[in-house]
Every structure is written in C-alpha cells, then in structure tokens.
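No value in this document is a laboratory result; all are computed from the given coordinates. This structure is a prediction, so every number in the text was calculated from the model and none was measured. Cβ placement follows ideal geometry from the backbone for every residue including glycine, while neighbour counts extend to all protein chains displayed.
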Amino acid sequence: MLENLKLLTQYKSWANEITFLSVKSLPQGEAIKERKTRFKNIVHTLNHVYVIDSIFKAHLEGKSHNYNERNTQDHPPLEELWQMQRAIDEWYINYASNISETAAREMINFNFVDGEKGAMSRAEMILHVVNHGTYHRGFVSDMMYQIPVIPPSNDLSVFLKDRNK
C-alpha cells in the first residue's frame, strides 16, 4: 500500500504539471473564458482541485482550514495557482513517502464543508485527492477540446511509460 501511495502522489504531481503547462500555453484569455461547466472556466476548475487538496491536507495534519465551500469565489492568476499547486503536490509526495503502514490505516474523523461528518483513513484521503484531481483534469481536457486544443495525455499508464524511459 505504501509504495502505491508514493506512486500515486508522484503521478498526481506529474499530471498536474503537464496540465498546467498546457493550460499556460493556451491562446490569451482561453483559460479564463466562461464555458458551460461546473466551475465556469479552466482556471477555476483547477482552483477547485487545489482547494480540495488543501482541505484534505488540513484533515491529514489535524488542523482546521478556512474553507466553507468546495471552491473560492474567485481564483488566483494561473501562474500563482500553479505555484500553489506545485507546493501542495510536493507536500503530498513527502507525506506519502514518510507515512507508516499504521498511520496510513488510521481513521480520521472530520467535517465536510457542508457540515456533514466524515471518516476516512489517511490512505483513503490520499487516494481521494489523487482520484479527485484526475476527475477534474478530465473536465479541463474537455474544455481544451472546445478551444480546440488537444490536451496532454495525463493517464497513469502514460506516467508509468514516461517514468520508465
């Protein structure tokens, strides 16, 4: 399990990097152009991923967070968001690299932003943020196709292939 947690956090970081680099190369204004999607544009969708990563980081640290929704009203500029995402991705890689088997299985009680109670193991939280990011990068890819721009292939299998070169 521990090796998979390490692998998945490394994958998440890699997938975020190639996604952000691709979004940064879009024609002027496309990343923040309003589209018919849950979070209105590409950058705000990526911001949502960062917010959820931050919320679960706080849960893992046993700290509170300042979020009362799953996204913020506005989003930071793309480059600033990228720097924030890189830092939190590095945090997750380090966390997964140093967690013990016992700690990974430990159940953490928390409150969702809507006030509902939740409980997940530390490993499940890490798996959640990896899976959640993958889910929303799919939305980003769909919006990129609407431009039209071909998004990067950021599947786990591509990461594994590229990592082993």
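Quick notes on this structure:
- Compared with the direct C-alpha span, the chain from residue 149 to residue 84 gains 20.9 nm at full extension, assuming 0.36 nm per residue.
- In degrees, nearest ten, helix 42-61 long axis to first principal axis of the chain (Cα): 10
- Residue with peak Gaussian network fluctuation, the chain [Cα springs, cutoff 10 Å], from 123, 103, 15: 103
- Potential lengthening of the chain between residue 64 and residue 33 amounts to 7.9 nm, from the contour at 0.36 nm per residue minus the alpha-carbon distance.
- Positive end of the dipole of the chain (Cβ unit charges, origin at the Cα centre): among 149, 73, 110, the Cα lying farthest that way belongs to 149.
- Anisotropy class of the range 105-165 from Cα gyration tensor, a/c 1.5 cut: oblate
- In order through the range 110-117: 3J(HN,Hα) via Karplus (6.51 cos²θ - 1.76 cosθ + 1.60), integer Hz, x for Gly, Pro: 7, 10, 5, 5, 7, x, 5, 7
- Fewest-first ranking of 113, 51, using other Cβ atoms within 10 Å as the exposure measure: 113, 51
- Think of the chain as a dipole: +1 on every Lys or Arg Cβ, -1 on every Asp or Glu Cβ, centred on the Cα centre; then among 158, 98, 120, 158 lies furthest on the positive end.
- Against the main long axis of the alpha-carbon atoms of the chain, helix 122-145 sits at an angle near 10°.
- Amide H to amide H, with H built 1.01 Å from N, residue 108 comes under 5 Å of 120, 121, 122, counting only residues 5 or more places away or on other chains.
- Computed over the chain, the ratio Rg/Rh where both radii use C-alpha atoms and Rh is Kirkwood: 0.97
- Highest GNM mean-square fluctuation among 91, 82, 14, for the chain modelled with Cα contacts below 10 Å: 91.
- Cα gyration tensor shape for the range 57-123, rounded if a/c is under 1.5, else prolate or oblate: oblate
- Centroid-to-centroid separation of the range 15-70 and the range 106-147 [C-alpha atoms, Å]: 11
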